[in-house]
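*Asks:* I have a structure I would like to understand better, so I am pasting it below and will then ask my questions one at a time.
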Amino acid sequence: MRAAVVKRHRILLADSGESFPCGEDEFILRAMFHAGCGPLCNGCCGGGCGICKMQIVEGAYHVEKKMSRAHVSGEEAARGILLLCCVQPRSDLTIRHITKEKEGRYVWQSIKP
Ligand code: FES
């Protein structure tokens, strides 16, 4: 019996121009960490802390794990603003890092500190 071949996709960080591979069975945050891209993340990796909140601006994806509504509203999710520890790619993706200011505006940040 043959093992199923997992499709791999390229994830582009719009902020820095870096990219990394991610399989359809991998979570984007974990693949980014293993590739040495993006910020160091000491989060929960379970959709509860919100530290990995980013926007997918282009491409297809699958939300595999439940995300805290305290961190991602339905309106944000509809715009591709998600917790990347819960998301797997289904095509090549372009993503951007964001944080939320006190006034409620979103600010695009560089991936590298
Ligand atoms: S690392 Fe905690 S929500 Fe993603």
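*Asks:* So which residues in region 77-95 are crowded, with 19+ Cβ neighbours inside 10 Å and not β-branched (V, I, T), if there are any at all?
*Replies:* Within region 77-95, L82, L83, L84, C85, C86, Q88, P89, L93 meet the criteria.
*Asks:* Only one residue in G38, G43 is closer than 23 Å to D92 by Cα, part of a loop (DSSP other than H, G, I, E, B), modelled with pLDDT under 90 and touching a helix residue (DSSP H, G or I) at 6+ places or on another chain (Cβ under 9 Å). Which one?
*Replies:* G38
Rundown of residues vs (1) more than 10 Å from the ligand (Cβ to nearest atom); (2) part of a loop (DSSP other than H, G, I, E, B); (3) β-branched (V, I, T); (4) surrounded by 14 or more Cβ atoms within 10 Å (Cβ to Cβ), yes/no style:
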{"site": "G17", "(1), (2), (3), (4)": "yes, yes, no, no"}
{"site": "M32", "(1), (2), (3), (4)": "yes, no, no, yes"}
{"site": "G47", "(1), (2), (3), (4)": "no, yes, no, yes"}
{"site": "G50", "(1), (2), (3), (4)": "no, yes, no, yes"}
{"site": "I56", "(1), (2), (3), (4)": "yes, no, yes, yes"}
{"site": "S68", "(1), (2), (3), (4)": "no, yes, no, yes"}
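*Asks:* Now, a different point. Show the residue pairs that are 6+ apart or on different chains and have beta-carbon atoms under 9 Å apart, the first residue being within region 47-73 and touching a residue at least 12 places away in the same chain (Cβ under 8 Å) and over 13 Å from I11 (Cβ atoms), the second being part of a loop (DSSP other than H, G, I, E, B) and of a type in the set (S, T, Y).
*Replies:* Short answer, once both residue conditions are applied: G47/S68; G48/S68; C49/S68; G50/S68.
*Asks:* For region 34-45, give me each residue that is among the hydrophobic types (A, V, I, L, M, F, W, C), more than 10 Å from the ligand (Cβ to nearest atom) and touching a residue at least 40 places away in the same chain (Cβ under 8 Å).
*Replies:* C37 - this is the single residue of region 34-45 that is among the hydrophobic types (A, V, I, L, M, F, W, C), more than 10 Å from the ligand (Cβ to nearest atom) and touching a residue at least 40 places away in the same chain (Cβ under 8 Å).
The values are calculated or read from the model by the stated rules, or taken from the named source; none is laboratory data. On a predicted model such as this, the values are computed, not experimentally measured, just so you know. FYI the Cβ positions are ideal-geometry reconstructions off the backbone, even for glycines, and counts take in every protein chain you see.
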